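J.: I'd like to ask some things about the structure below.
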Amino acid sequence: MSETEKTAFEPKIVAYVCNWCTYLGADLAGTNRLEYPSNVRIVRLPCTGRIDFNLIIKAFEMGADMVVVSGCHPGDCHYTAGNYHARRRWTLFRDLLETMGIDLNRIHFAWISAAEGKKFAEFITEITDKARQLGPYQAYREICE
Amino acid sequence: MARIGVFICWCGENIARTVDVKRATEEVEQIPGVRFAIDYKYMCSDPGQTMVRDKIIAERLQGLVIASCSPHMHMKTFRAAAKAAGLNPYLVEMANIREHCSWVHQNREEATAKAVELIRLAVGKVIQDKPLDAIKVPLTKRALVIGAGVAGIQASLDIAEAGHEVVLVEREPSIGGKMAGLSETFPTLDCSQCILTPRMVETGQHPNIKLYTWSEIESVDGSVGNFTVTIRKKARYIDMSKCTGCGECWNKCPMSKTLNDFDYGLSKRKAIYLAFPQAVPARPVIDKNACTKLKTGKCGICAKVCAAGAINYEDQDEIVTEQVGAIVVATGYKLYSIGQEQDNEKYTGYGEYGYGKYPDVIDALQFERLSSASGPTGGEIRRPSDGAVPKSVVFIACVGSRDPAKGVSYCSKICCMYTAKHTMLYKHKVHEGTAHVFYMDIRAGGKNYDEFVRRAIEKDGAKYYRGRVSKITEENGKLIVRAADTLAGVPVTIEADMVVLASAMLPSTGATELAQKLKVGYDEYGFLSESHPKLRPVETNSAGVFICGACHGPKDIPEAVAQASAAAGKVQVMFARNELTRDPEIAKINEQNCAACYACVRTCPYNAIEKAEIRDRQGNLVKMTARVNPGLCMGCGTCVAVCPSKSADIDGFSESQIYEMIKNL
Amino acid sequence: MIEEIRQTCRTLLEAGTVNVVIAYGQSNPDGPVHPIFVTKPDDVEKIVWNKQCFANLTTYLTRKEVKSLGKAAILVKGCDARSLVVLVQESQVERSDVHVIGLACEGVGEPELAGKCRVCEVHMPVGVDVTIGSTEAAAPEGQNRYALVDEFMKKSPEERMAFWKQEFERCVRCYACRGVCPLCYCNQCIVDKNRPVVIDTSATLKGNFAWNITRAFHLAGRCVSCGECTRVCPAGIDLRMLNASLAQSAEKHFNYRAGMDPETPPVIGTYNAEDKENFIR
């Protein structure tokens, strides 16, 4: 992909992250000055357990080209089990989306701890590149027209 | 239209270098609801905060967005500033344009655009913010301490001395724990009982300490500040108010075949017995599995000889409840039971060491009893099989510790020290004997600790071999210990008269069940988890529950005592207030809307949501609902996600706040 | 069998064991079968039992109007009994408050059996207080209860998306699916919530997608495949497919089937630390 094409489309990416791990992981990426693309908009929530599937749908409705959901690794949840509950829901929800033909390349889940600033920066870089390649999420935009 | 003030910080050059702060300020002013936007070099500085406070008053602001660093850095600062200017502190939001923007993006154009976007999201949220008040919870200034070993005793005495009542629960018949059975303690070799028993007596007599021995925690309800604890007082068959502890009963009891737990099976005791001579309370208990009267109805000698009439064969378990505001867990440890059936199938044991098969292979706590003046041999080192004085003793360190294959992967921490101590105690009593030690590494960090180990080796002549013992067999009354000396690179075989295994420390039996009742986390071994390994070492994630001693991980007496005092200190900090305040960013239920499916009740990691009834004034049931106990809710919001009707919501991260943010995307 | 049903209901009403029987009725022999609420012993003659008894009557157990009638007896087919289990699990129905009359069922629908009946595994209802009738009918051997979904998943994601667009294009947001579902018992549905508006209420494709995703997901690990939503949909949208997809997911990942056992904890709101997570980075 040439430089001009790359800049031609800049995806909108929404990241729902938990307050205690991934948000702090993103803070650490900043403290360590780890550069990553500026497309991502972080929405801070207390816990991945709080992240409801309706939030994911709403993000697409608002024109997101990609949604990221991230929180503490299993066993590390600040609230002991919010991420375990979340994981179950995502497992089911992904299957539903798949049946509906919603592109699972548009939704990414990750465990990123407060110590994983590097993982955060790399992850965001990688999925932003992917979102650029995928182009605008036309299918959902058409639904929302 | 809302009156929102946006304060954009330069953070010196940290933000301003990549974000065009001036342009961002202009663009942000266009966002609906924004009264004004203003930039400043250091918003967190005194003049910066003064500006924030002045603007709140002058512009009659209804909310603030501080665009600066991470809320983890300065949310508290700006909430305090808002509060000082009369604005509810929960009407402050932050846009993280430093860690999440200027520090991670180089392109000035992009960074500026993103900063404006982040501020736009924050403005959306702040418009939906609601004023919140810190939650006030009444406080019962009374503490429960679970476990009366040295840590529990220390914590109880500290809290009691501070003037608060303590309920101390111990499941054994006497307080004292493991320390009461130790011989002498490292690195000073002072007699364990000499230092502990005065503390035990003090505990037993302290006017502020209510002692429940031979009792266990049945359940714990309520939350920080107001726990209701249900305690099972096991049937003791002794009327404690009548018994004088004279000893007639246990002297006359004809049943003397039961292994004495206090001596770890090295001696026998009666069916009615005093746990040990210095027991507190100095009252006996009847072992219902050993007592002929209780088993068959015959005998009854103890009742006949008891002048006080204190024997009660009809005694039953009794359930009592106590109200407390804080809980200290000090349930201690046990040793890995080598070569025996393991309560965790992961552990495979050390059958090759012959523990349980050869009577002269003993563990470290048994050796403590053998070398204790009050022990089964009166402090003489005599081996269990024939009472002979062993001339050659092998001590094996790290049995079960640092061995993920057969035991636990952690270091039990105290074994290097007590093994050195054991060699000294042995040598001091059996001058002509030889103490051999097999070890992996010597870990003797601590004040005067390494010196102590050096003394054992250099002055008292213990022979240390770096290497593992592969097998122990018995030949002609000798224990043949086969091992490798890895430093010399040669195999070693020692004919020993006795072998002492320094086996791994494990959390005491029932610790995880108790942890579940207290909603305290624990690791894969069952050691209780502290809230933060550095900064909150005696707190747990269950508010109002503190931990100390070996229930948290292997530790020695000084550490356990220090931690106990720390836990007691935390309790006193709590009790220094008259009521508790809690962060109000917690869940709430729209009870009229709630369909009472109780998905939230099932989900809540803190059991903070309960099934409740709504009744009218006549007392008729109107409907069922879920209800949040604000004292327990920690604000994770998992209930919100599982509530189909969104009758559950969470202040600070409410549905309205988050959707308003996303709408501003 | 119908006489036995009527007699059972009459006895219950006469003895005062229950105040109301929730049953099937038919105003005229060619008309549709509808639910009836029998409170007088003589009215048991109005009860019918035939191939048109599609409705899952457990839906009415949670209705305020029905609850106000007092203790109820209810007719259930094997499939309906499963939703009753879920209602009990979710504290909507106190099992001891309901007298459950199970009906042996060889399937509803004439001349053709309803889709769900062709793969039915519960011809004899379980967990009921009394069963009327008997049947030898059994589930076809080696059947794949998710054959419908598996077949559909052979399509490409784009084709699937196109399919659902076509389907949801027709949705008029009448919420009949919600009204008929025994497990949609919320006092206020999320779609009717206006602060904030989570789901667009207008019958646009955007709103229809959000609504139907939400409806399906709120039934994840709960739907017992009674098929009523699909039967009542005036637009003929194949809602069952989404429910079946989630049921398949719950069984595949968590070995859970809704309404089979009141003692098994529901799949949502519980967890296992060892749950698979190969999609999470």
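J.: Starting from the Cα of C:N19, move 7 Å in the Cα-to-Cβ direction to define the label point; list residues of the stretch B:617-637 whose amide nitrogen is under 19 Å from there.
T.: Residues B:618-624 fall inside that zone.
J.: How do C:108-118, B:559-569, B:412-422 rank on mean C-beta neighbours within 10 Å, highest first?
T.: Final packing ranking: B:412-422, B:559-569, C:108-118.
J.: I would also like to ask the following. Quick check on the stretch C:2-132: take the gyration tensor over C-alpha atoms, sort the square-rooted eigenvalues as a ≥ b ≥ c, and tell me if it's rounded (a/c under 1.5), prolate or oblate.
T.: oblate
J.: B:Y522's amide H: which non-local residues (gap 5+, or another chain) put their own amide H closer than 5 Å, with H modeled 1.01 Å from N in plane and none for Pro or chain starts?
T.: Long-range HN contacts for B:Y522: B:S529.
J.: Using the C-alpha atoms of the protein assembly as shown, what convex hull volume per residue, in cubic angstrom, is computed?
T.: In the protein assembly as shown, the Cα convex hull volume per residue is 245 Å³.
J.: Can you pull the mean other chain C-beta count within 10 Å for peptide B:98-108?
T.: Other-chain Cβ atoms within 10 Å of each residue's Cβ, averaged: 6.
J.: Further question on the same structure: May I ask for the accessible area buried between chains C and A, both sides summed, probe 1.4 Å, to the nearest 100 Å²?
T.: Buried area (both sides, nearest 100 Å²): 3800 Å².
J.: If we count every other residue with Cβ under 10 angstrom of C:C181's Cβ, Lys/Arg +1 and Asp/Glu -1, where does the sum land?
T.: Overall, the nearby charge balance is +2.
J.: When you look at the Cβ of every residue in B:593-600, what mean number of other chain Cβ atoms sits within 10 Å?
T.: 6
J.: Compute the distance from the alpha-carbon center of the stretch A:86-145 to that of the stretch B:463-526, in whole Å.
T.: Here the two parts' Cα centres lie 50 Å apart.
J.: Also, quick follow-up: Under 15 Å from the Cα of B:K517, which aspartates and glutamates turn up, not counting those fewer than eight places away in the same chain?
T.: B:E216, B:E218, B:D221
J.: Let me ask something additional. Once whole DSSP H runs in chain C are found, which of them have Cα atoms spread over 15 Å or more along the helix axis and a mean Kyte-Doolittle score of at least 0.0?
T.: What comes out of the filter, once short or polar helices are dropped, is C:78-89.
J.: Have a look at the stretch B:4-134 and give its Rg and Dmax from the Cα atoms, expressed in angstrom.
T.: 13.3, 42
J.: Under the definition of Cα pairs under 8 Å and six or more residues apart, what whole-number percent is the relative contact order of the stretch A:3-135?
T.: Relative contact order comes out at 38 percent.
J.: If you find the alpha carbon centre of the stretch B:173-212 and of the stretch C:226-274, how far apart are they in angstrom?
T.: 59 Å
J.: So, one more: Hey, with R₀ at 22 Å, roughly what FRET efficiency would B:K459 and B:A488 work out to, going by the Cβ-Cβ distance, to 0.05?
T.: The value I calculate is 0.45.
J.: Still on this structure, please answer the following. Can you give the calculated 222 nm mean residue ellipticity of chain C, where each DSSP H run of n ≥ 4 adds -39,500 (n - 2.57) and the sum is split over every residue, rounded to the nearest 500 deg cm²/dmol?
T.: For chain C, the value works out to -9500 deg cm²/dmol.
J.: Now, a different point. Where in the stretch C:55-93 does accessible area fall by at least 20 Å² between the isolated chain and the complete protein assembly, at a 1.4 Å probe radius?
T.: C:E90, C:S91, C:Q92
J.: Between chains C and B, what is the buried accessible area summed over both chains (1.4 Å probe, protein heavy atoms, nearest 100 Å²)?
T.: The summed interface area works out to 1500 Å².
J.: While we're looking at this one, here's another question. Taking the solvent-accessible surface of protein heavy atoms with a 1.4 Å probe, what is the per residue accessible area of chain C in Å²?
T.: 45 Å²
J.: To continue, here is another question. Taking the mean number of other Cβ atoms within 10 Å as a proxy for protection, how do you rank C:251-261, B:616-626, B:179-189 from highest to lowest?
T.: B:179-189, C:251-261, B:616-626
J.: Cα-based Rg (one decimal) and Dmax (whole number) for chain C, in Å?
T.: For chain C, the Cα radius of gyration and maximum Cα-Cα distance read 19.6, 65 Å.
J.: Continuing with the same structure: Out of the total accessible area of chain A (probe 1.4 Å, heavy atoms of protein only), what percent is carbon and sulfur?
T.: Percent of accessible area from carbon and sulfur atoms in chain A: 49.
J.: Now for a different question. With 32 Å as the limit, write out which pairs from B:K114/C:K154; B:K295/B:K555; B:K210/B:K270; B:K646/C:K67 have Cα-Cα distances beyond it, or answer none.
T.: Violating the 32 Å limit, Cα to Cα: B:K114/C:K154; B:K295/B:K555.
J.: Averaged over its residues, how many other protein chain Cβ atoms are within 10 Å of peptide C:205-215's Cβ atoms?
T.: Mean inter-chain Cβ contacts per residue within 10 Å come to 4.
J.: Go through B:K130/B:K663; A:K58/B:K588; B:K233/B:K304; A:K12/B:K41; B:K611/C:K252; B:K357/B:K391 and tell me which ones have a Cα-Cα distance over 27 Å in this structure.
T.: A:K12/B:K41; B:K611/C:K252, as the Cα separations exceed 27 Å there.
J.: How much FRET efficiency would the formula 1/(1 + (r/R0)^6) give for B:E513 and B:D261, where r is the Cβ-Cβ distance and R0 is 22 Å, rounded to 0.05?
T.: It comes to 0.65.
J.: Students often check this: by mean Cβ neighbours within 10 Å, which of B:358-364, B:579-585 ranks highest, and how do the rest follow?
T.: B:358-364, B:579-585
J.: In straight Cα distance, which aspartates and glutamates are under 19 Å from B:K293, not counting same-chain residues fewer than 8 positions off?
T.: In chain and number order, the partners are B:D239, B:E248, B:E314, B:D315, B:D317.
J.: Still on this structure, I have one more. Where the centre of each part is set by its Cα atoms, how far does the stretch B:219-260 sit from the stretch A:23-47, in angstrom?
T.: The stretch B:219-260 and the stretch A:23-47 have Cα centres spaced 57 Å from each other.
J.: How much accessible area is lost when chains B and A come together, counting both sides, with a 1.4 Å probe, in Å² rounded to the nearest 100?
T.: 3500 Å²
J.: In addition: I want to check the label-to-label distance for C:A273 and B:S470. Put each point 7 Å from Cα in the C-beta direction and report it in nm to one decimal.
T.: A separation of 3.7 nm, rounded to one decimal place.
J.: If each Cα of the stretch C:1-49 is one equal point scatterer, what is log10 of I(q)/I(0) from the Debye formula at q = 0.14, 0.27 Å⁻¹?
T.: -0.30, -0.97
J.: To make sure I understand the rule: partners must be lysines, Cα under 16 Å from the Cα of B:K346, and not fewer than 8 residues away in the same chain. Which ones qualify?
T.: B:K406
J.: Right, here's the next one. In terms of the Cα gyration tensor, with a ≥ b ≥ c the square roots of its eigenvalues, is the stretch A:1-123 rounded because a/c is under 1.5, prolate because a/b exceeds b/c, or oblate?
T.: oblate
J.: Taking all protein chains as present, what is the carbon and sulfur share of the accessible area of chain C, in % to the nearest whole number, probe 1.4 Å?
T.: Here carbon and sulfur together make up 50 percent of the probe-accessible area.
J.: Kindly state, to the nearest 0.05, the FRET efficiency for A:A8 paired with B:Q30, given R0 = 25 Å and r defined as their beta-carbon distance.
T.: 0.40
J.: Sort chain B into rounded, prolate or oblate with this rule: let a ≥ b ≥ c be the square roots of the eigenvalues of the Cα gyration tensor; rounded if a/c is under 1.5, and if a/c is not under 1.5, prolate when a/b is larger than b/c, oblate otherwise.
T.: prolate
J.: Counting only protein heavy atoms and a 1.4 Å probe, tell me what percentage of chain B's accessible area is made up of carbon and sulfur.
T.: Carbon-and-sulfur percentage of accessible area, whole number: 50.
The values are calculated or read from the model by the stated rules, or taken from the named source; none is laboratory data. These figures come from a predicted structure and were not determined experimentally. No Cβ is skipped: glycine too gets one built from the backbone with ideal geometry, and neighbour counts run over all protein chains shown. Note: accessible area is taken over every heavy atom of the protein model, side chains too, but ligands, DNA and RNA are not part of it. Shrake-Rupley method; radii C 1.70, N 1.55, O 1.52, S 1.80 Å.
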